[in-house]
Each structure stands twice: as C-alpha cells, then as structure tokens.
C-alpha cells in the first residue's frame, strides 16, 4: 500500500506539468509604441532573458509580402508603402499560425510578445472575435517616445536596414497613423489597468532595466504566477489523491 502511494507521488511533478500544458492557452503581451520607439530591440532583450517568443506583426507581414506565390503580397506591399494598416484578417491569420506552430514545436513556449499589434480599433475587434477564449492578453507594454526621436532613430536604421518605409515621408504618415489609430487603443487598455509604460527615450540598457522593474520583478506578477501553480498542484492532489485512497481500500479488501 505504502509503495503504491509513493509511486503515485513520484509521478506528481510530471502529472502537474501535463495538466498545466493542457490548460494553458497562449499568454500574450501586446507591445505598442510609435515607429522607432525600440519595440523590436527590447523584445529581443526580453527573449534573451525570459521565456517569451517574439512575434512582430510587421516582420510577419514583410515576410508574407516577399514569400513567393503569396496571394497577399502585392496588397501588403501597397499598404506598407503608403503607411496604412494592413487588413486585420491577414495580420491575425499570420499571428495565429505563428503561435500555433511555436507551441506545436515546443509545448513550453506559450508566452508571446506580439509587437506592433493591435494598431487600431479594427485590429482589436478582429482579435477579440477570432481569438476570444483562445489566448489570454496579460497586459500591454507601451513604449512611450517623442515623435522626433522616433523619426531620427528610423532614419538612422534605414541606412542599413533596407526597409522601404524607413524614409521621412513614410515615417511621418506612420506617426500620424499611430497617433490617430493606435494611441486610442493604448488609452482603452489603460482604463482597464492593463498598460505598463516604458520611457523609451532612454538608452537601450536603461529602458530594459525599466522593463524588468515594471514587468518581471513586481509582486503582482510573482503572486499571480504562484496562484496558478498552487491551483494546479491542489487540483492534481485532490483528483489523484482520491484515486490513491480508493486504490488502497481496494487492496485492503482484497487482502482481507
């Protein structure tokens, strides 16, 4: 009887892990800010130091644009050159596919930084329609940076990036699109208490330190993570504990 119970307890960590994977939906952090605010740079730093996968909506669109035989390539190219927002159906389909492929390749990769999305109300409504119940948005990481600083950074980046939209004319259009369409989304999440603001005008190292302090070393983040694991542990102990007790009773009745 004792051996049987100990054997079940040995399996507990693996069982808790399997249970957590079955229950786990993609955990999403939306990363928003103007062009050149440093979203991609800081996402790369977060990926290096924490268990996140970075998905850039812009990069996914550019990859799709250049993919041979893409049915959306020309449409995406036109929207990007004009500084307009690509139709939400295209962007969400690319993001959803990328998350599914990432989690299929490794079940431990369920936390995502989605950079540059949602960029307008249409994006947000589309996400809520398609991804409702399929992903949890934890918070919005907002990179707050002055327009001129953003433009200067992009122009400098354009010297080596080869991006067709890193020119002043496109940048000014993108800034206006951001102010008119994306800032209201950030304000909407602020009212829900789900925005964590970073001073993106600071150096790369200073901004990353700010991210760590706000997002990864605060008591609420640690507390919520512990609550999840405590629930999973108690759930497993309750359900499997009952099975163990029943098994012991059956063994006792057989032996008697």
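The values are calculated or read from the model by the stated rules, or taken from the named source; none is laboratory data. Source: prediction; values computed, not measured. Cβ placement follows ideal geometry from the backbone for every residue including glycine, while neighbour counts extend to all protein chains displayed.
Write out, first by first residue and then by second, each pair whose Cβ atoms fall under 9 Å of each other, whose residues are 6+ apart or on separate chains, and whose first residue, in segment 95-109, is at pLDDT below 90 while the second is not in a helix (DSSP H, G or I).
Note: pairs meeting the criteria are 107/24; 108/51.
Just wondering, is there one or more residues in segment 191-211 that are more than 20 Å from the chain's Cα centre (by Cα), more than 20 Å from residue 28 (Cβ to Cβ) and modelled with pLDDT under 85?
No, there is no match, as no residue in segment 191-211 is more than 20 Å from the chain's Cα centre (by Cα), more than 20 Å from residue 28 (Cβ to Cβ) and modelled with pLDDT under 85.
Among the residues of segment 234-244, is any farther than 30 Å from residue 66 by Cβ, in a helix (DSSP H, G or I), touching a helix residue (DSSP H, G or I) at 6+ places or on another chain (Cβ under 6 Å) and at pLDDT below 90?
Yes, the conditions are met somewhere in segment 234-244.
Can you confirm whether segment 68-83 contains a residue that is surrounded by 15 or more Cβ atoms within 10 Å (Cβ to Cβ), out of contact with any helix residue (DSSP H, G or I) (no Cβ under 8 Å at 6 or more places or on another chain), assigned to a helix (DSSP H, G or I) and at pLDDT 95 or above?
So far as segment 68-83 goes, no, none of its residues is surrounded by 15 or more Cβ atoms within 10 Å (Cβ to Cβ), out of contact with any helix residue (DSSP H, G or I) (no Cβ under 8 Å at 6 or more places or on another chain), assigned to a helix (DSSP H, G or I) and at pLDDT 95 or above.
Among the residues of segment 113-129 satisfying the criterion of being buried (at least 23 other Cβ atoms within 10 Å of the Cβ) and in a strand (DSSP E or B), which is nearest to the chain's Cα centre (by Cα)?
Taking the candidates together, the pick is 114.
Just to be sure, is residue 160 surrounded by fewer than 13 Cβ atoms within 10 Å (Cβ to Cβ) and either under 26 Å from residue 76 (Cβ atoms) or free of Cβ contacts under 8 Å to residues at least 24 places away in the same chain (or both)?
yes
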